[in-house]
Amino acid sequence: MSDLVTGDAVVLGLRPARLPSRALAILLDLAVYVTVYGLLTVGLTFATASLDPAAQAAVGVASFLLLLVGIPIAVETLSHGRSLGKLACGLRVVRDDGGPIRFRHALVRGALGVVELLLTFGTVAAIASLVSARGRRLGDVFAGTLVVRERVPGARVMPVPPPPPWLAGRFAQLDLSAVPDGLWLAIRQYLTRMNQLDPQVGAVMAARLADDLVARTGAPPPAGVPAAAFLMAVVHERQSRDAARAFRTAAAASPSAPVAPVAPVPHMAPVAPVAPVPSSYVAPAPAAPGEVPRAGGFAPPA
């Protein structure tokens, strides 16, 4: 396991690739490149048969540099460090801080790879990889890169401990939009490992993370709230908001339930007109206070 530290002081647990897996990936890449280079050379030989030897030599050198140097650089740049051989072996080239590589990293790796891999048949790269603590060849050292394993056994994710009940819902109005992802990750790592730390060291780390969080949110914690409990409550509030947002998005994206067709109303016989109330009809007088009204004969349905 390689402990790479990012700019946010977050430790990344990456598994550097060792010599056997890297050698297999390089052999697969070289097999593909050499096969394509051989086919291209045969085609160029027939296409440049009418040219003079100097022109043929220039075309040969240009095709060599393009296919065995330029194409690997372009592939690593566009795929962010995943060539065909590395993809088959589950490897990836990353920067020293764990981020994706760019053109300059692939250029340095490809330029030194001509000397390490092609001219010396991989001897220099193998010796450098065996000597390096993280299995890096000279191209990785000068480019500031590292080849890591992507296919690793899934680690058990420790849940964040819940906040005290008396802090639940206390930070519902807190603005968390300015808190960066790196700080959230650092707080989560601390909360999942706080029981494994020395109490004094854990208290200092909690106070420091709480100060950073207060500086991002602009709202101080309530008086008397411990730093660790404050971090738990704020993380719980963020998780609750993310869950509510995800449920709202899923509900809005889901299609509405089909409405059952309304059965047509059967034809009903015409209703006979109601006879008018005679003018001599007198409404019954309301019952006196305390008198029990007589039942009108209506019985509620059973």
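Taking HIS80 and the conditions (1) open to solvent by less than 80 Å² (accessible area, probe 1.4 Å); (2) part of a loop (DSSP other than H, G, I, E, B); (3) of a type outside the set (S, T, N, Q), which numbered condition does it fall short on, given that it satisfies the others?
The number of the failed condition is (1).
Using the structure shown, decide if ALA47 is modelled with pLDDT of 90 or more and either of a type in the set (A, V, I, L, M, F, W, C) or open to solvent by 40 Å² or more (accessible area, probe 1.4 Å) (or both). Outline the logic, then answer.
Values: modelled with pLDDT of 90 or more: no; either of a type in the set (A, V, I, L, M, F, W, C) or open to solvent by 40 Å² or more (accessible area, probe 1.4 Å) (or both): yes.
It is false that ALA47 is modelled with pLDDT of 90 or more and either of a type in the set (A, V, I, L, M, F, W, C) or open to solvent by 40 Å² or more (accessible area, probe 1.4 Å) (or both).
So which pairs qualify, if the first residue must be in region 131-142 and within 11 Å of LEU19 (Cα to Cα), the second must be in a loop (DSSP other than H, G, I, E, B), the Cβ gap must be under 8 Å, and the two must be at least 6 apart or on different chains?
Close Cβ pairs (under 8 Å, with a partner that is in a loop (DSSP other than H, G, I, E, B)) amount to GLY135/ALA17; GLY135/ARG18.
Within region 112-143, count every residue that is in a loop (DSSP other than H, G, I, E, B) and either over 17 Å from ASP97 (Cα atoms) or open to solvent by less than 20 Å² (accessible area, probe 1.4 Å) (or both).
Total meeting the criteria: 6.
Yes or no: ARG92 in contact (Cβ under 8 Å) with a residue 24 or more places away in the chain and surrounded by fewer than 16 Cβ atoms within 10 Å (Cβ to Cβ)? Can you show your working first?
Values: in contact (Cβ under 8 Å) with a residue 24 or more places away in the chain: yes; surrounded by fewer than 16 Cβ atoms within 10 Å (Cβ to Cβ): no.
No, not satisfied.
I want to confirm something. Restricting to region 185-204 and keeping residues that are among the hydrophobic types (A, V, I, L, M, F, W, C), more than 26 Å from the chain's Cα centre (by Cα) and in a helix (DSSP H, G or I), which single residue is surrounded by the fewest Cβ atoms within 10 Å (Cβ to Cβ)?
Of everything passing the filter in region 185-204, VAL201 is surrounded by the fewest Cβ atoms within 10 Å (Cβ to Cβ).
Looking only at region 227-244, how many residues end up being at pLDDT 85 or above and farther than 14 Å from ARG170 by Cα?
Final tally of qualifying residues: 2.
Of the conditions (1) under 20 Å from PRO159 (Cα atoms); (2) modelled with pLDDT under 85, ALA172 satisfies every one except a single condition; which number is it?
(1)
Failed condition for ALA74, given (1) in contact with a helix residue (DSSP H, G or I) (Cβ under 6 Å, 6 or more places away or on another chain); (2) modelled with pLDDT of 85 or more, with all others met?
Looking at each condition in turn, ALA74 falls short on (1).
Search region 192-212 for residues that are more than 15 Å from VAL234 (Cα to Cα) and pair each with any residue that is open to solvent by 50 Å² or more (accessible area, probe 1.4 Å) and among the polar types (S, T, N, Q) when their beta-carbon atoms are under 9 Å apart and the residues are at least 6 apart or on different chains.
Short answer, once both residue conditions are applied: GLY202/ASN195; GLY202/GLN196.
The values are calculated or read from the model by the stated rules, or taken from the named source; none is laboratory data. Note that this is a predicted model, so its numbers are computed, not measured. Heads up, the Cβs are rebuilt from the backbone with ideal geometry, glycines too, and the neighbour counts pull from every protein chain shown. These area figures cover heavy atoms from the full protein model, side chains too; ligands, DNA and RNA do not enter into them. Shrake-Rupley method; radii C 1.70, N 1.55, O 1.52, S 1.80 Å.
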